[in-house]
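Trainee: I have a structure here, written as structure tokens, and I will follow up with some questions on it.
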Amino acid sequence: MTRNVLIYTDELANAEYTPSHPFKPVRAKIFLELLNRYYHLHDDSFKIERPGPLNEELLYLFHEKPYIDMLRKANDGQFEPEMLAVGLGTEENPVFKGMFSLALAIAGGTYRGAMMLFDGDARCVFDPVSGLHHAGRAHASGFCYVNDIAIAIKALLPKGAKIVYIDVDVHHGDGVQDAFYGTNQVFTISLHESGETLFPGTGFEKEIGTGQGRGFNVNVPFRAGTDDEVYLSTFDAIVPPLVKCFRPDIVFAQIGGDAHRIDHLAHLNLTNNGYKQVIARINELSPRILAMGGGGYNVYKTAALWALAWSALVGAEPEDKFAGLVGGMMYGPEVDAGSLDDRPFVLAGPEKEMCRDHAARIVRYIRETVFPIHGI
Ligand SMILES: [Zn+2]
């Protein structure tokens, strides 16, 4: 069996929204360069998969038709004022030529990855351009037009697959939460910077699902400034007990790199090391895993974080094939951003205490309200 699959096409990696837009698919290309540099990819256990676009019918597993009609219309790049009503044509979600085709190409990758995992064709699929967790049923949001995650999960549910969704992107996974808020068939967990200080302003601990879904949606909002130590101990207190109890067949993990401390769109203080440890912990809980790239707005840092995630997922330590060459090699404009190693960072003083107290309160709340629903 091919154990590890990378979803990748040059067309997708070369795409962009608009030149100044912070969401950069080119991260996928830099990521692949790092994989080639640090890992041995050319054995039987590894494969690059190049999927085609999503079948448009599958969009309606999650999205509403009038919204999709509007997206299709926007594909020629012509903005019309009515588009604003569904979140299109803003600075955040611009209208540009080929946008609908790009959304279908991204969602096609996620869907293909999900099916490969379900069919037993892979143990781990990594799709760096996917994970557009903010897209709503009938609106674009947070750089996301089509919710590739919700669609792929909804396609698997009738097959009887038990799915856990874990989102460690620094932003709350609101679109995915919304898709499964009333069902106990999918367990969704999002860890993120609190909505008090960050987009999209949701994802508070009290949002635990409704009806049948009560207790099957967990939010862990961190205080701005939270470091590796507080993040990891909070993760350990909440996530493993719940996932072990639910016993998923496949874990969908949105592993955005924007919780890193140098990301300029958010305010958490994770380092490379903390991020890698989080991914390793998620991997331990995952019989099969679809890792989706999500956010991350320092292009080089995010590619480096994904390379570390790759290490954790496939169980291979990075080895620099270019080490010792004259002049060495550096990635990106900043030495720090391109390196796989970070200097350790530990928050101290009153700010640390506030982050710790905040996280302790969240842990207490979830242990008191959600754990009993699952008999723990
Ligand atoms: Zn994000």
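The values are calculated or read from the model by the stated rules, or taken from the named source; none is laboratory data. Quick caveat: nothing in here was measured; it's all calculated off a predicted structure. No Cβ is skipped: glycine too gets one built from the backbone with ideal geometry, and neighbour counts run over all protein chains shown. When the accessible area is computed, the model is the full protein with side chains, heavy atoms only, and any ligands, DNA or RNA have been set aside. Shrake-Rupley method; radii C 1.70, N 1.55, O 1.52, S 1.80 Å.
Trainee: Could you tell me which of Ala85, Met115, His21 has its Cα farthest along the dipole of the chain towards the positive end, charges placed at Cβ (Lys, Arg +1; Asp, Glu -1), taken about the Cα centre?
Mentor: Met115
Trainee: Under unit Cβ charges (Lys, Arg +1; Asp, Glu -1), what dipole magnitude, rounded to 20 debye, does segment 1-148 have relative to its Cα centre?
Mentor: That gives a dipole near 300 debye.
Trainee: Considering only protein heavy atoms, what per residue accessible area in square angstrom results for the chain with a 1.4 angstrom probe?
Mentor: Accessible area per residue, the chain: 39 Å².
Trainee: Go ahead and set up a Gaussian network model of the chain, Cα springs under 10 Å, then flag whichever of Cys245, Cys144, Cys355 fluctuates most.
Mentor: With Cα springs under 10 Å in the chain, the top fluctuation among Cys245, Cys144, Cys355 is at Cys245.
Trainee: What size of dipole, in debye to the nearest 20, comes out for the chain about its Cα centre when the only charges are +1 on Lys and Arg C-beta atoms and -1 on Asp and Glu C-beta atoms?
Mentor: 860 debye
Trainee: While we're on this one: Arrange the peptides 177-190, 74-87 so that the one whose residues have, on average, the most other Cβ atoms within 10 Å appears first.
Mentor: Ranked by mean Cβ neighbours within 10 Å, highest first: 177-190, 74-87.
Trainee: Sticking with this one: Please name whichever of His264, Ala224, Ile250 sits farthest to the positive end of the charge dipole of segment 217-270, dipole taken about the Cα centre and charges placed at Cβ: Lys and Arg +1, Asp and Glu -1.
Mentor: Ile250
Trainee: Follow-up question, since we're still on this one. Round to the nearest 10 and report in Å² the accessible area of Asp43, as given by a 1.4 Å probe over the protein chains' heavy atoms.
Mentor: Here the residue's solvent-accessible area equals roughly 70 Å².
Trainee: Would you rank Thr210, Thr302 by solvent-accessible area, highest first, keeping every protein chain in place and using a 1.4 Å probe?
Mentor: Largest accessible area first, the list is Thr210, Thr302.
Trainee: Then there is this: Leaving ligands, DNA and RNA out of it, rank Phe143, Phe199 by accessible area with a 1.4 Å probe, largest first.
Mentor: Sorted descending by solvent-accessible area, the residues read Phe199, Phe143.
Trainee: Sticking with this structure for a sec: Given 0.36 nm per residue, what is the gain on full extension from Phe345 to Arg364 after removing their alpha carbon distance, in nm?
Mentor: Using 0.36 nm per residue and subtracting the Cα-Cα distance, I get 4.2 nm.
Trainee: Which percent of the accessible heavy-atom area of the chain goes to carbon and sulfur, probe 1.4 angstrom?
Mentor: 52 percent
Trainee: For the chain, build the charge dipole from Cβ charges (+1 Lys, Arg; -1 Asp, Glu) around the Cα centre, then report which of Phe96, Pro241, Phe31 sits farthest towards its positive end.
Mentor: Pro241
Trainee: Separate question: I need the trypsin sites (Lys or Arg not before Pro) found in segment 190-240, filtered to DSSP loop residues with at most 10 other beta carbons within 10 Å of theirs.
Mentor: Filter output for segment 190-240: Lys206.
Trainee: With charges only on Cβ, +1 for K and R and -1 for D and E, what is the dipole size of segment 240-281 about its Cα centre, in debye, rounded to 20?
Mentor: Charge dipole, segment 240-281, about its Cα centre: 220 debye, nearest 20.
Trainee: Along the Cα-to-Cβ line of Lys47, 7 Å from the Cα, sits a label point; which residues in segment 123-157 have backbone N less than 18 Å from it?
Mentor: Zone members listed by number: 123-128.
Trainee: At a 1.4 Å probe radius, which order do His42, His358, His134, His139 fall into by accessible area, largest first?
Mentor: Listed by decreasing accessible area, they come as His42, His139, His358, His134.
Trainee: Give me the accessible area of Ser194, 1.4 Å probe, in Å² rounded to the nearest 10.
Mentor: Solvent-accessible area, nearest 10 Å²: 10 Å².
Trainee: Between Glu91 and Tyr60, what's the calculated FRET efficiency when r is the beta-carbon distance and R0 is 25 Å? Round to 0.05.
Mentor: 0.30
Trainee: Same structure again: So what is the calculated 222 nm ellipticity per residue for the chain, using -39500 (n - 2.57) for each DSSP H run with n of 4 or more, over all residues, to the nearest 500 deg cm²/dmol?
Mentor: Mean residue ellipticity at 222 nm (helix-derived): -11000 deg cm²/dmol.
Trainee: Let me ask you something else. If ligands, DNA and RNA are left out, what is the accessible area of Tyr145 with a 1.4 Å probe, given in Å² to the nearest 10?
Mentor: Using a 1.4 Å probe on the heavy atoms, I get roughly 10 Å².
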